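K.L.:
Just passing along the structure, written as structure tokens.
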Amino acid sequence: MNYNGRTFVSAENTANGEVSSQTVFEYKQTNHIISATYHGGNIVQGMLIGLIMEDGCLQFRYNHINRRNEIRGGECVSTPEILPDGRVRLHEQWKWLDAENTEGSSIIEEVEF
């Protein structure tokens with residue numbers, strides 16, 4: 001699967017997350033390296049970078065600035081699911097690597113603009 005040029009929005013998130021349905025992720029891929037920029041909702045600007053693992057999961061680190069002008073960051077493992085219409089859904093398990101140090105889960109789904 002190639003993530004280059006794919007756009008995602010959040011479909012679900014736990015309460016301790018900052019991503020919402022207004023957050024847009026724009027992915028890029030070069031070989032097995034993925035990156036994305038994201039913004040919207042409580043996120044002013046964010047970036048992620050990571051790897052596509054041999055099992056197809058994405059493993060990455062993320063950092064963003066929220067509307068409270070805080071720099072937040074963490075790590076995530078995303079498991080892809082191909083939907084019947086061919087779009088990609090990512091099931092994410094993440095953890096804040098800042099003072100909060102909590103874990104959560106979310107789902108983001110591919111959208112077409």
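K.L.:
Considering Asn4, Asn16, which residue is in a loop (DSSP other than H, G, I, E, B), of a type outside the set (A, V, I, L, M, F, W, C) and touching a residue at least 60 places away in the same chain (Cβ under 8 Å)?
P.N.:
One residue alone meets the criteria, Asn16.
K.L.:
Now for a different question. Scan Ile49, Ile71, Ile65 and give me the residue that is surrounded by fewer than 19 Cβ atoms within 10 Å (Cβ to Cβ) and touching a Phe, Trp or Tyr at 6+ places or on another chain (Cβ under 7 Å).
P.N.:
From the options Ile49, Ile71, Ile65, the qualifying one is Ile49.
K.L.:
Still on this model: Just a yes or no: is a residue in the stretch 84-104 free of Cβ contacts under 8 Å to residues at least 24 places away in the same chain, surrounded by 15 or more Cβ atoms within 10 Å (Cβ to Cβ), within 18 Å of Met1 (Cα to Cα) and under 10 Å from the mean Cα position of the chain (by Cα)?
P.N.:
yes
K.L.:
From the set of residues in the stretch 12-33 that are under 11 Å from the mean Cα position of the chain (by Cα) and aliphatic (A, V, I, L, M), which is surrounded by the fewest Cβ atoms within 10 Å (Cβ to Cβ)?
P.N.:
Ranking the qualifying residues of the stretch 12-33, first place goes to Val24.
K.L.:
Oh, and also: Return yes when Thr37 is β-branched (Val, Ile, Thr) and more than 10 Å from the chain's Cα centre (by Cα) and no when it is not.
P.N.:
For Thr37, the condition - β-branched (Val, Ile, Thr) and more than 10 Å from the chain's Cα centre (by Cα) - is not met.
K.L.:
Does Leu51 meet the test of being out of contact with any Asp or Glu (no Cβ under 9 Å at 6 or more places or on another chain) and not acidic (Asp, Glu)?
P.N.:
Yes.
The numbers here are math on the coordinates, done by the rules we state, and not lab data. Note that the structure is a prediction, hence the values are computed from the model and not measured. Positions of Cβ are backbone-derived with ideal geometry, glycine not excepted, and every protein chain shown enters the neighbour counts.
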